[in-house]
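Quick note: the coordinates plus some simple rules give every number you see, no bench work behind them. Since this is a predicted model, take the numbers as computed values, not measurements. Cβ: placed from backbone, ideal geometry, glycine included. Neighbour counts: every protein chain shown.
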Amino acid sequence: MALLEVIAMSAADAKHAEAGGADRLELVGTMEDDGLSPAPDLIEKVRLVTTIQVRPMLRLRPGFGTDGGEVTRLKGLIASYLDAGADGVVLGFLNGANQVDAEVVTELVGDGDVPYTFHRAIDHCLDQHRAWRAVKSLPGRLTHVLTAGSAIDVDRGLSDLIARATSDPDIAKLTMAGGGLLPEHVPWLVRAGIHAFHVGSRARPGGSYKAYVDADLVHSWRSLIDDEIAHERRRLAAAH
């Protein structure tokens, strides 16, 4: 089963995303600095209008670093999000050497039951092989790694996404492709074994975050992804 995640910033976004067939929401308070944390009461409002999974962004400042004082605040924010009805969180932190900060992630999620996505911080690591080794060894319930395969967008990172996914089934299973994802990327990614996709501005009229998520645009992504997965299954069945 393919996963379609849509960025939401309001209850209206959430309602339209679910109507279009989204499976999960990445909930942000603002898209400034590539997405910052929402207020807990936004999760409560979203929960009143939607039943799909909700994962709020856990990020309070630009960049991907944090410090001890903020980690304490982030831990409190996770508890508030879960109390408000969130199903998990989206997070990703790097240390001063632009490596995955496993220590911070461990402090935040530990060996607990909170499902989480490691977001595009990974695309900003200097050594991608090392970054993926670190991410794969993170504790807790890591379900996806949101990545464009490059620090810019999926178009620039498509070859790397495909190569990494085809070389390691575990990476293919973890990968959620997103960050400038275009419809023409989907067939190639599906063929590489990637079945999770993340859509932001392209689920909105004019590709603008000033517009609400549009159910018809979400539905077009839902249909495209499902059709490509069905096609790939038929292709594999015929090959055997």
Distance between the range 1-38 and the range 79-127 - C-alpha centres, whole angstrom: 18 Å
Dimensions in Å of the range 3-239 - Rg and Dmax from alpha carbons: 17.0, 56
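Here is the link list: LYS15/LYS45; LYS15/LYS210; LYS75/LYS210; LYS136/LYS173. Which ones come out longer than 22 Å on Cα distance? Walk me through the numbers on the way to the answer.
Details: LYS15/LYS45 10 Å; LYS15/LYS210 16 Å; LYS75/LYS210 30 Å; LYS136/LYS173 11 Å.
Pairs exceeding 22 Å: LYS75/LYS210.
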Nearest-20 debye value, the range 3-239 charge dipole, Cβ charges on Lys, Arg, Asp, Glu: 320 debye
Highest-first arrangement of 192-200, 118-126, where packing means the average Cβ count within 10 Å: 192-200, 118-126
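Which of the peptides 139-146, 168-175, 206-213 is most tightly packed, and how do the rest follow, going by the mean number of other Cβ atoms within 10 Å of each residue? Write out the running numbers ahead of the final one.
Working: 139-146: 18.8, 168-175: 17.0, 206-213: 14.5.
In descending order of packing, they fall as 139-146, 168-175, 206-213.
Which order do the peptides 154-163, 32-41 come out in when sorted by mean C-beta neighbours inside 10 angstrom, highest first?
Ranked by mean Cβ neighbours within 10 Å, highest first: 154-163, 32-41.
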